[in-house]
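The values are calculated or read from the model by the stated rules, or taken from the named source; none is laboratory data. The structure presented is a predicted model; accordingly, all values stated were derived computationally and were not measured. Quick reminder, even Gly has a Cβ in these numbers, built from the backbone with ideal geometry, and neighbours come from all protein chains shown.
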Amino acid sequence: MKKYLIPTLLCLGINLGQAQDKDAYVQALTGTDLSIDMVAIPEGTFMLGSPDGEHGRNADEGPQRNMDIPGFWMSQYEITWELYNLFLQRSIDQIVEEHKGSDVNLEVDAVTGATIPYVDMSLGMGTESGLPIGNVTQLAASKFCEWLSAKTGHFYRLPTEAEWEYAARAGSQDPYFFEGDTLEEYAWYSQNSDDTYHPVGEKKPNPWGLYDIYGNVAEWTLDQYSPDAYQDKNAYFQPIQKEYPVVVRGGSFKDDATELRSASRKVSKPLWKQRDPQFPRSKWWHTDAPFVGFRIVRPMTPPPPEDYHLYWIHKN
C-alpha cells in the first residue's frame with residue numbers, strides 16, 4: 001500500500017509556526033440559519049498510540065511514536081443531519097456566500113451529489129435538529145467536505161487518524177483526556193445511551209472544546225486501515241485504496257468504555273451494508289451503521305489543487 005509522508009515533507013507549504021495565531025471561527029452558510037463552529041487546534045507533538053500496559057489495548061495501537069502535527073481547525077460538533085441535508089438537497093448551491101474564501105477555486109455544481117434515500121436511514125433514531133448524521137459511507141462524508149469547500153471557498157476534509165487522536169487527547173497521554181471525572185460526563189456509550197445517538201453537545205467538551213469526541217457516533221478518518229500502520233515512522237496517513245477496511249475513531253453509543261479510549265482504532269466492515277433487498281446497496285449509504293458519522297477539519301494552510309485527490313475520496 002502506498003504511504004504518504006507528513007504534509008510538510010510533501011511540500012504543501014505548511015508553516016508550523018503559524019498555528020498559534022489562528023482563532024476559532026464560525027463557518028456560516030448563506031441562505032440558511034445553520035453554521036459550523038470550528039475550533040482551532042494548535043500545532044504540537046504527541047505520542048501516537050497506546051503503551052503496552054493500557055487497559056483494553058489492542059496490538060494495532062502500537063508501537064507508539066512521536067508525531068508532529070501542524071495546526072488545523074476541527075468542527076466543534078459532529079456533523080448533524082440538518083447540515084448534511086444541505087448537501088443532499090443542494091437547495092443553496094446557487095446562493096453566493098457573503099464571505100467566500102479564496103483557498104478553493106471549485107464550482108459547486110462540479111461536485112457529485114449523493115443519492116437521496118427514500119427510507120429512514122436513521123433506523124428510527126431520528127434526524128431532527130441537533131442529531132448527528134449516521135449510516136453515511138466514508139465517500140459520502142468526504143463528498144460533503146468537497147461540496148462545503150466549493151461552497152465556502154475554504155478547504156475542508158476529514159481528519160487523518162493522527163490528527164483525530166491528537167485533537168481528542170488535547171495534551172493528555174492517558175487513556176482518556178480527563179482526570180478525576182467519569183466517562184459518563186463526556187460521552188454517550190453503551191452504559192448510558194439507551195442504544196441510540198443523542199443531540200450533539202449535551203455532554204462536557206474535551207479541554208480543546210470538542211464535544212462528543214468520545215462516543216455518540218464513531219467518526220470517519222482519511223486512513224485506510226492497516227494493523228501495522230504505526231511501524232512506518234514516516235507515514236502521516238495512509239490514503240484510501242479500497243472501500244474496506246477504513247479507520248473510524250472515538251467509539252459510539254453502542255461501544256464499551258475501552259473502545260472510546262483516545263488510542264482505540266475501529267474499522268469499517270462490509271456487513272454494515274448487509275441489509276438487502278429492503279435497502280438498495282449504495283456507495284453513499286450504509287444500512288446497518290447508524291453508529292458511524294463524522295466531523296470535519298480545515299488545515300491552516302490548504303494544499304495545492306494537485307494534491308486534493310489525496311484528501312477528497314473518489315475511489316469507493
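Structure data summary
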| quantity | calculated |
| --- | --- |
| Selection status of Ala289, under 19 Å from Pro132 (Cα atoms), assigned to a loop (DSSP other than H, G, I, E, B) and at pLDDT 95 or above | yes |
| Residues of the range 143-170 satisfying the condition of being among the hydroxyl-bearing types (Ser, Thr, Tyr), surrounded by 24 or more Cβ atoms within 10 Å (Cβ to Cβ) and more than 12 Å from the chain's Cα centre (by Cα) | Ser149, Tyr166 |
| Test result for Asp194, modelled with pLDDT of 95 or more and assigned to a loop (DSSP other than H, G, I, E, B) | yes |
| Condition check for Val108: free of Cβ contacts under 8 Å to residues at least 60 places away in the same chain, farther than 25 Å from Asp195 by Cα, buried (at least 16 other Cβ atoms within 10 Å of the Cβ) and in contact with a Phe, Trp or Tyr (Cβ under 9 Å, 6 or more places away or on another chain) | yes |
| Conditions (1) touching a strand residue (DSSP E or B) at 6+ places or on another chain (Cβ under 7 Å); (2) within 17 Å of Gln64 (Cα to Cα): number failed by Glu219 | (2) |
| Filtered residue count, the range 211-241, keeping only those that are more than 17 Å from Ala289 (Cβ to Cβ) and small (Gly, Ala, Ser) | 3 |
| Residue check for Pro239: at pLDDT below 95, in a loop (DSSP other than H, G, I, E, B) and over 20 Å from Trp164 (Cα atoms) | no |
| Breaking point among (1) within 30 Å of Asp181 (Cβ to Cβ); (2) out of contact with any helix residue (DSSP H, G or I) (no Cβ under 6 Å at 6 or more places or on another chain); (3) among the aliphatic types (A, V, I, L, M), for Ile240 | (1) |
| Matching option when the condition is under 28 Å from Met67 (Cα atoms), modelled with pLDDT of 95 or more and not aliphatic (A, V, I, L, M), among Trp164, Trp147 | Trp164 |
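Every residue, every condition in (1) under 30 Å from Gln231 (Cα atoms); (2) among the β-branched types (Val, Ile, Thr); (3) surrounded by 14 or more Cβ atoms within 10 Å (Cβ to Cβ), yes or no:
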position	(1), (2), (3)
Gly53	yes, no, no
Asp60	yes, no, yes
Asn66	yes, no, no
Tyr77	no, no, yes
Ile92	no, yes, yes
